[in-house]
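What follows is a set of notes on a single structure, which appears directly below.
The values are calculated or read from the model by the stated rules, or taken from the named source; none is laboratory data. Values in this document were obtained by computation on a predicted structure and should not be read as measured data. Please note: Cβ atoms are built from the backbone with ideal geometry, for glycine as well, and neighbour counts cover all protein chains shown.
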Amino acid sequence: MTQLILEQALNGLQFGLMLFLLAAGLTLVFGIMDMINLAHGSLYMVGAYLAAEVTQASGSFITGVGVAMLGTGVLAVVLEVVLLRRLYARNHLAQVLATFALILIANECVRIVWGAQTLMLNAPDALSGPVRIGGFLYPSYRLLIIGVGALIAGLLYVLVARTRIGMWVRAGASNREMTEALGINVRLLFTAVFAFGAALCALAGAMLGPLLAVQVGMGESILILAFVVIVIGGIGSIRGALVGSLLVGLVDTLGRAMLPAMLRALFSPEVASSLGPALASVLIYVLMAAILFWRPEGLFPARA
Amino acid sequence: MSEKLDLLLDVRGVSKHFGGVYALNNASLSVVRGEVHALIGPNGAGKTTLIHVLSGALPCNGGRVVFDGNDLERRSMHERVTLGLARSYQITNIFTRLTVLDNVAMAVQSRVRDWGSSFSFWKPFSLDSAIIGEAHALLAQVSLSGMANRLAGQLSHGEQRSLEVALALATKPKLLLLDEPMAGMGPEESERMVGLIEHLAQQVTILLVEHDMDAVFRLADRISVLVGGTVIASGSPEAIRGDAEVRRAYLGDEVA
Amino acid sequence: MSEHLLEIEGLETSYGSSQVLFGVSLTVAEGEVATLLGRNGMGKTTTVRSICGLEKAGGGSIRFAGQRIEGWTPDRIGRAGIALVPEGRQIFPNLTVRENLVAFAANRHAAREPWSLDRIYAFFPSLEKRSGNLGGRLSGGEQQMLAIGRALMTNPRLLILDEATEGLAPLVREEIWRCLDALRGSGQTILVIDKYVERLIALANRHTILERGQVAWRGNSAELDADHGIWHRLLGV
Amino acid sequence: MRLAKLVLALAAASCLGSSVNAADKVKVGFLSTLSGPGAGLGVDIRDGFNLAIKHQGGKLGGLPAEVIIADDQQKPEVAQQITEKFLKKDKVDFMTGIVFSNIMLAAGQPIFDSKTFFISANAGPSQYAGDQCNPYFFNVAWQNDNLHEAVGKYVNDKGFKNVVLVAPNYPGGKDAMVGFKRFYKGKVGEEVYTKLGQLDYAAELTQIRSLKPDAVFFFLPGGMGINFVKQFVAAGLSADTQLFAPGFSADEDVIKAVGAPMLGMFNSSHWAHDMQNAENKRFVADFQKEFGRLPSLYASQGYDAALLIDAAVRDVKGRLDDKDAVRKALEAKRFKSVRGEFKFNTNHYPVQDYYLRVIGRDDQGRITNKTMGTVFSNHADAYVAQCKMK
Amino acid sequence: MGLYATTTRRRIAAVFVLLGLVALPWGMRLIGQEFYVSFASRVLIMALAATSLNLVIGFGGMVSFGHAAFFGAGAYCVAVLAESGVTSAWLAWPAATGVAAALAVFVGAISLRTRGVYFIMITLAFAQMVFYLVVSLKTWGGDDGLPLLQRSAFGSLNLKDDSTFYFVVLAILAFVLFMLDRIAHSRFGRVIQSIRENEVRMEALGYPVFSFKLVCFSLGGALAGLAGALMANQAGLASPNLLHWMQSGILMVMIVIGGVGSVFGGVVGAVLLLVCEEAFVEITPHWQIGLGLLLLAVVLWAPLGIAGLFGWGRNRE
């Protein structure tokens, strides 16, 4: 039983860390520029498609991931400079709609380039099997994801907490005007942060591609989850994003695994079998609503 | 000394801190019905914080506020207004995209006890002639009659300050909190505003926060001095002028 | 062509449709301490915000070190060597004291004695004790010292202080004045806004008084000291 | 806006003309899932259907064929809107193409109400086999339960004792479980229900591992199944646990996507590309030539659907307005199916053989399905008794 | 004028448009395109749904990203009632409106504690909860949706007839628009529009802002429920996609294209969007690119939507 919980916790950790890659960029963009970017999920999709395409063409998964990150980063810079910049000063409704428009456009463009059908991206052969950790087998590719996610989280922590760039980002998030007056080109900084966030998105897309499916619209459902994460964590806070990601990852995974069994102990099998999955799938939204009810600005509000 | 008087507002040992920094530290103050009570003190002494605490925009961390016999703790902002506590804002806070008349009418309409419910969905507001009539009367009182159909955002700074006062006045308050009504005004506008406040003082009790010492000493019946979040003195203008501690902490050499 | 470090000519600035500055002219020479005086709402803060590029100048010119800087972005002006200690301090509450100082440290104009973290801590010993604390946890006086220290760490050619001692306890206020005296002694060019005229007369030499967005008076300390009518008329004291 | 609408309507009317003389061509409304995770199925049906028309020289029953293709996006209400347009605006003679049962159920009633024949090339909901059976509905594929029943029977016959079932938490998924259990009498370790459209099965696989079953039966259509198999193998479960699936989760489209991990997986089908009749050989060869891939069973069904229409139109000599004659012609099924023989039951669902297939390498080294043997002969569905249609 | 205002000329124009819409079924029969009558019903129902959201966003200033929950709730209510034999529109439609309103009161009471982005997200969260709950409930058809075997019956009125149904929908929409116009000019309407302009000041004037917002939010939810009830009847199905967050997004798109805070904004947006879709989908399957570009253009260059271009709605500045 403990082994089961441990393995499920690993699953939750893996899911949470992937969410973190998406949420990190989103929360920074959100925190610094007060900008809701629904198109973040589209960057994730583009990253996954690029990775699938390049991996297939080159035969190397690593090349695929690299090109995907680079390409998505460049696309993000173009997007930011041409369009998103003009939206920072606008209200949230305008931002939601403009980036909603971007989702529509991105989905159709991908459909034109790659077709409507799902693209398949396979994990590198070396990682397609399980490895033994402790008493049980665990898919090695998922372990890689946990490793990469943890590495990026650590890297981000150092970047944000220990480097001057990180200080500028935090300063810019709390008081953009003063940061500029002290000689920092916040506009450029933000473009860089945006591109960086997009590259992380692409990394998530490329890493999740072999697990999930590379398809049009893949960004939307996970985008909602990423938003849930950053709202739980407190908008603009990297630490909040990490805590939120892990919370959502664990609650979702453990909920799906444990809830039906728990309900069966309480209700009749029919009730349990229909209620279980229903409750499990709304668990994270209940979590979010509850957190916002008691802490209307999330767990780690970035702004005082 | 004021125990026998009719207390309208009694602030007892109110504290408010923002993450360790005290903006108000055990501040006490009482306003007698019918007076103009001025609150002075250096910038950052906590005057605006006190106004926020009194109006309910900020919760306090300790102490009590009793207004007209009601303990204000846990009363929401709008409930306090219903009790008769209205405020103006230091930074002009009006409906810039509404007309001047609409601004005041909106404030008049808030007195549901006089007009019936605001939850009226069907009857056109344009037929609420009583409300509109009173709004016009208020505009006349603050000398804005000619501006009734202009957008509030298009008024000059001084006119906006007057409108700000009219909004607070429209709720027919027992106590009017005026937060720096003369901020940023030229001498002529200031003069007009002083006249307006003198006129209002005949109808309503006023707690006035103001930097302009000339105006304060002209208008106030009593003055309280707030320094570092604490009221260090309260009394008549003469007493305050002569108070050694007040001179040291605030007025200093400025009022010779 | 001019020995002035900062030279403002006919500056006009508006917020939306309401104009605040109506042709303000002002100069600050290299190495001097100048003041900007006036009652609340007369345009002092708007003037320094315009200098720093935080408000868009609608007319007139701003020259700094020989370059026209009006229309530049705030960060470019900051890098050109103007550092602002703004009204209300505006330190970064989510950065530690140390981070507030080191984040923007730079020496772009090859100052002979550049400011370093150690030198700031020596200058404001109370900051060193609070080094690891978040900026938001400091008292008002410490925040003001931090704001000055933060500006100094960019080794500015011109240091601007808006309401340098506003809302500070008398003792703290004195400490700020002592610091400004010391900075003047080291040759730092300073433009300062404050209400304590007597203290400013001692600190600075040239003074400009604004009245409703226009320069109402300008002169040196002796002239200002002599004419208390100006104090009363233009400064409301 | 009134003006805009009028102009639009007039434009549409002038473009399309009117179709009073129904007999100068055959109009088919092809509504299928052509985008999203389920798109592979619809695309194969479409390609199979078009190949059949090409084999008939662009005609159906000797009349020029006009096929209007539309994508239902796997959304019931989109399907309804398009159906409405097909019926009322384009006034089609036949409809076909729908992949998913829920879409079929959403679109069915208006089609039958307008007395238009629907030839199902895949969707076979139990309702239309049973009490809601309809004279205008024909199914050339199967009833939904059939393939699950076949697997259930095989698993039962082979003596597996502890089976875990996996299906999405939606009616089709629950029906699949019922179908499997109709013939499997052993112990069901657990019925795992996933979210529809779920793609990550980490939690479910962990649960399966802890249950230690000797076999897993899953019904996860489209991309869901692809991911499940991949992750099942990656988790190392395939070593001790045998995977079973209905044919749709182990057909050529899935094999192409998953590859080697599928080797050795058992599944059930009523057709296989290696069937040796002449029609099938021609179909498989031409399909490969035309589209560069092996046909899936969906393609074979699309192909048969077109052939059924072709035969019926020929039978009635183009008199498509005579609904009774058309129905009799359809019921007669005068064509040779690529799966060999089958006939329509009284509920217009097929009575046919079901085979067991295993995935292995063929003589060219390709990974593909190989037919192992027959599980059911002349198998009918379980609902036909409830159908009151005569 | 900062608050919404209607001119006489605009009212006359509305009457003419209404007359045109009344004539539409005969016109379509004349040219043999009855299909478009049913299409027009769908457009008008979406217009009603968008209008209900416009009340919340445009007039109340509450950017709700979960409006689909109320839309879908109305649809499911009608379908569930029909399953249990209640087919009378007199019962089912008010019930749908009431259920949606009750849901909106619940969601609003919790969500309105938050502000800005957090409000957007928490309304979305509640809509997602409703979506997943419904999809998981087999008794309500899960992912398949719940078919409505027959349209509701309005006494002896035969709603099965597309034209009759169309007229009922048109009458309801016309009434709701008239009502909205009245509300916009009523005391309540002025209060919520002023709250949109300056919430803090309204509180400081003594208005219980929370209650006003909640009533406005719930009223919007109720009207969305009514639209949902009609939609279930039009489509013959309560589909979970009605509850999907993309549906909330589409409704937002409609009011932004049409005009936020204009009484006719929702109608204009819905008509434009759906007619364009109908027209473009014939030209290219990738018509959504066009929609995306149109939306971008509106957001960037015409923030008040089509209504704003013609000066129908409230003015800026």
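General observations
- Residue match in the stretch B:181-191 (condition: closer than 20 Å to B:MET147 by Cβ and more than 13 Å from every other protein chain (Cβ to nearest Cβ)): yes
- Residue list for the stretch D:270-304, filter: part of a loop (DSSP other than H, G, I, E, B) and under 18 Å from the mean Cα position of the chain (by Cα): D:HIS270, D:TRP271, D:ALA272, D:HIS273, D:LEU294, D:PRO295, D:SER296
- When the stretch A:57-82 is filtered for residues that are in contact with a helix residue (DSSP H, G or I) (Cβ under 7 Å, 6 or more places away or on another chain), within 22 Å of A:THR191 (Cα to Cα) and free of Cβ contacts under 8 Å to residues at least 24 places away in the same chain, only A:VAL67 remains.
- Only listed residue being touching an Asp or Glu at 6+ places or on another chain (Cβ under 8 Å), more than 17 Å from A:ALA213 (Cβ to Cβ) and not assigned by TED's automatic domain parsing to the domain that holds D:GLY40, chosen from D:LYS212, D:LYS185, D:LYS181: D:LYS212
- When every residue of the stretch E:133-141 is checked against the conditions, at least one turns out to be under 30 Å from A:PHE30 (Cα atoms) and away from chain B (no Cβ under 14 Å).
- Taken over the stretch D:156-180, the criterion of being part of a loop (DSSP other than H, G, I, E, B) and touching a Pro at 6+ places or on another chain (Cβ under 8 Å) is satisfied by D:ASN169 alone.
- Filtered residue count, the stretch B:234-243, keeping only those that are in a strand (DSSP E or B) and surrounded by fewer than 19 Cβ atoms within 10 Å (Cβ to Cβ): 1
- Residue tally, condition within 10 Å of chain D (Cβ to nearest Cβ) and assigned to a helix (DSSP H, G or I), over the stretch A:186-218: 2
- All positions within the stretch B:196-219 that are in a loop (DSSP other than H, G, I, E, B) and either over 24 Å from B:THR49 (Cβ atoms) or among the charged types (D, E, K, R) (or both): B:ALA201, B:GLN202, B:GLN203, B:GLU210, B:ASP212
- Scanning the stretch A:219-263 for residues that are in a loop (DSSP other than H, G, I, E, B) and out of contact with any helix residue (DSSP H, G or I) (no Cβ under 6 Å at 6 or more places or on another chain) turns up just one, A:SER237.
- Summed over the stretch B:185-195, residues that are touching a Lys or Arg at 6+ places or on another chain (Cβ under 8 Å) and either buried (at least 19 other Cβ atoms within 10 Å of the Cβ) or not in a loop (DSSP other than H, G, I, E, B) (or both) total 4.
- Check on E:THR123, under 19 Å from the mean Cα position of the chain (by Cα) and either farther than 19 Å from E:CYS77 by Cβ or more than 10 Å from every other protein chain (Cβ to nearest Cβ) (or both): yes
- Of the numbered criteria (1) assigned to a helix (DSSP H, G or I); (2) of a type in the set (Gly, Ala, Ser); (3) more than 14 Å from the chain's Cα centre (by Cα), the one C:ALA151 fails is (3).
So that you can scan it fast, the table gives a plain yes or no per residue for (1) hydrophobic (A, V, I, L, M, F, W, C); (2) farther than 18 Å from C:ILE190 by Cβ; (3) within 18 Å of the chain's Cα centre (by Cα):
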{"residue": "C:PRO74", "(1), (2), (3)": "no, yes, yes"}
{"residue": "C:GLY81", "(1), (2), (3)": "no, no, yes"}
{"residue": "C:THR96", "(1), (2), (3)": "no, yes, no"}
{"residue": "C:ARG112", "(1), (2), (3)": "no, no, no"}
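- Restricting attention to the stretch D:200-217, the residues that are buried (at least 22 other Cβ atoms within 10 Å of the Cβ) and in contact with a Gly (Cβ under 7 Å, 6 or more places away or on another chain) add up to 1.
- Residue count, the stretch B:69-91 (criterion: buried (at least 17 other Cβ atoms within 10 Å of the Cβ) and out of contact with any Phe, Trp or Tyr (no Cβ under 9 Å at 6 or more places or on another chain)): 8
- Residue match in the stretch D:186-201 (condition: modelled with pLDDT of 85 or more and more than 14 Å from chain A (Cβ to nearest Cβ)): yes
- Of all residue pairs spaced 6 or more apart or on separate chains, those with beta-carbon atoms under 8 Å, a first member in the stretch B:202-230 that is in the same structural domain as B:VAL36 (by TED's automatic domain parsing) and a second member that is basic (Lys, Arg) and crowded, with 19+ Cβ neighbours inside 10 Å are B:VAL209/B:LYS47; B:LEU226/B:LYS47; B:GLY229/B:LYS16.
- Of the strands (runs of 3 or more DSSP E) lying entirely inside the stretch C:1-118, those containing at least 1 residues that are crowded, with 16+ Cβ neighbours inside 10 Å and acidic (Asp, Glu) span C:4-15.
- Boolean, E:GLY225 is in contact (Cβ under 8 Å) with a residue 60 or more places away in the chain, closer than 28 Å to E:MET179 by Cβ and not in a loop (DSSP other than H, G, I, E, B): yes
- So A:SER268, is it more than 14 Å from chain E (Cβ to nearest Cβ), more than 30 Å from D:ALA39 (Cα to Cα) and more than 20 Å from the chain's Cα centre (by Cα): yes
- Test for A:ILE105: is it modelled with pLDDT of 90 or more, more than 30 Å from C:LEU146 (Cα to Cα), within 12 Å of chain D (Cβ to nearest Cβ) and buried (at least 18 other Cβ atoms within 10 Å of the Cβ): no
- The stretch A:171-182, subset without any contact (Cβ under 8 Å) to a residue 60 or more places away in the chain and surrounded by 22 or more Cβ atoms within 10 Å (Cβ to Cβ), residue nearest to the chain's Cα centre (by Cα): A:ALA171
- Elements of type helices (runs of 4 or more DSSP H) contained in the stretch D:1-102, each with 3 or more residues being under 26 Å from the mean Cα position of the chain (by Cα), modelled with pLDDT of 90 or more and away from every other protein chain (no Cβ under 14 Å): D:39-55
- Near pairs, Cβ below 6 angstrom, 6+ apart or cross-chain, from the stretch B:75-95 (facing chain E (nearest Cβ under 9 Å) and part of a helix (DSSP H, G or I)) to any residue that is surrounded by fewer than 24 Cβ atoms within 10 Å (Cβ to Cβ) and aromatic (Phe, Trp, Tyr): none
- Here E:PHE70 meets each of (1) over 18 Å from the mean Cα position of the chain (by Cα); (2) over 30 Å from D:ASP175 (Cβ atoms); (3) of a type in the set (Phe, Trp, Tyr) with one exception, condition (1).
- The stretch E:160-206, subset over 20 Å from the mean Cα position of the chain (by Cα), within 7 Å of chain B (Cβ to nearest Cβ) and among the basic types (Lys, Arg), residue nearest to B:PHE121 (Cα to Cα): E:ARG187
- Any hit, the stretch A:114-124, residues being within 19 Å of A:ALA199 (Cα to Cα), buried (at least 22 other Cβ atoms within 10 Å of the Cβ) and away from chain D (no Cβ under 14 Å): no
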